[in-house]
Each structure stands twice: as structure tokens, then as C-alpha cells.
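What follows is one structure encoded as C-alpha cells, with my remarks underneath.
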Amino acid sequence: MTNKESLSLDVITPEFKPTFYFDYIYFRITKAYFKWDGRTVATAIIAIMMTQILIIINLAVLISKLFYTREEINSYLSLSKTTIIITSFIILIYNYRKYNGTYNRLRSYWKNESKNERISKGILVILSLIIPWILLISFGTLFKSDAYWNMLNR
């Protein structure tokens, strides 16, 4: 392989084998917002970061509600807000480093998708972006009620 080929973004190498979940979400969002963002990929990286943070928050909420009382959770609330902000920035930096400059390689990898594949995977992308929000709202609604806490304290 020549130097020119190794630097080309359109070449899929064994080191670069995209995964379906976040790589595909990044690819589809970047493709949709390409006219506005260009190659800066800000929208896609922020969307992926938000999805990843929401998944982490949903897991943390579920675990904390199962093992801690309302008072114990409230005592750690300010610490958890700070942790979420710091974690968000770390994930944002990680995603920027991972995805910046990879759009052409991903486009080359997924360019031969059939229309049905694009539609079905597009639906999965939309669900992947919406479901973490639905879970967070559902947890907030469920765990907010006193009936839930009374049931746990029996």
C-alpha cells in the first residue's frame, strides 16, 4: 500500500471496521446534517454523547432507586450533577477524537445499503435516540410518586 492509499479516508482497512450502533448513528446523523455542519460533525457527536449520557443516567437511576432510599439519593444529588457534567465532557472529547474525519470511511463502508436496509436501520437510529429519553421520563414519573417509595419501604 502506498502512502497516498494509507492516508485516503475512503479506504476501509482491517483496523477500521465500524460497529453498527454508535458508528452507524454517527454516520446517519452526519449524513442528514451534512449541509449545515459540513465535516465538523458537531450535531452527530453531540447527539451520540447525549444518547450515551442518557443511557448512563438511566442505569444509574434504576440502580439507585433499587438500592437506596429517597433521603440517601437526595444527599448525593449535587455530587451526581457534577459527575454527569464531567462525564459528559469526557465522552464528548472521546467521541470527537473517535469520529472526527471518519465520515468518508463510514460512507464508503455503508454506501451499498439497499433502500430497505437504510429504512430499517434509520428506524433503529431514531428509536436509539428516542428510547433513552422515554426511559428517563418514565423513571422520573414512576419514581416521583410516593406510592412507589411506600411499596419499596414495606
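Of the residues 75, 64, the single one that is surrounded by 13 or more Cβ atoms within 10 Å (Cβ to Cβ), polar (S, T, N, Q) and either without any contact (Cβ under 8 Å) to a residue 40 or more places away in the chain or over 21 Å from residue 129 (Cα atoms) (or both) is 64.
Taken together, 94, 109 contain a single residue that is assigned to a helix (DSSP H, G or I) and either basic (Lys, Arg) or at pLDDT 90 or above (or both), which is 94. Which of the residues belonging to region 112-139 are part of a helix (DSSP H, G or I), more than 20 Å from the chain's Cα centre (by Cα) and charged (D, E, K, R)? Matches in region 112-139: 115, 117.
Given the conditions (1) exposed (fewer than 15 other Cβ atoms within 10 Å of the Cβ); (2) small (Gly, Ala, Ser); (3) modelled with pLDDT of 70 or more, report the number of the one that residue 47 does not fulfil. The one condition residue 47 does not meet is (1).
Being at pLDDT 85 or above and farther than 25 Å from residue 70 by Cα holds for only one residue in 123, 134, and it is 123. Here region 107-125 is the region considered, the condition is being small (Gly, Ala, Ser) and without any contact (Cβ under 8 Å) to a residue 40 or more places away in the chain, and the residue that is surrounded by the fewest Cβ atoms within 10 Å (Cβ to Cβ) is 114.
Entry remark, region 1-44: residues being modelled with pLDDT under 60 and of a type in the set (Ser, Thr, Tyr) number 4 in total.
The values are calculated or read from the model by the stated rules, or taken from the named source; none is laboratory data. This structure is a prediction, so every number in the text was calculated from the model and none was measured. Reconstructed Cβ throughout: ideal geometry from the backbone, glycine too, with neighbour counts over all protein chains shown.
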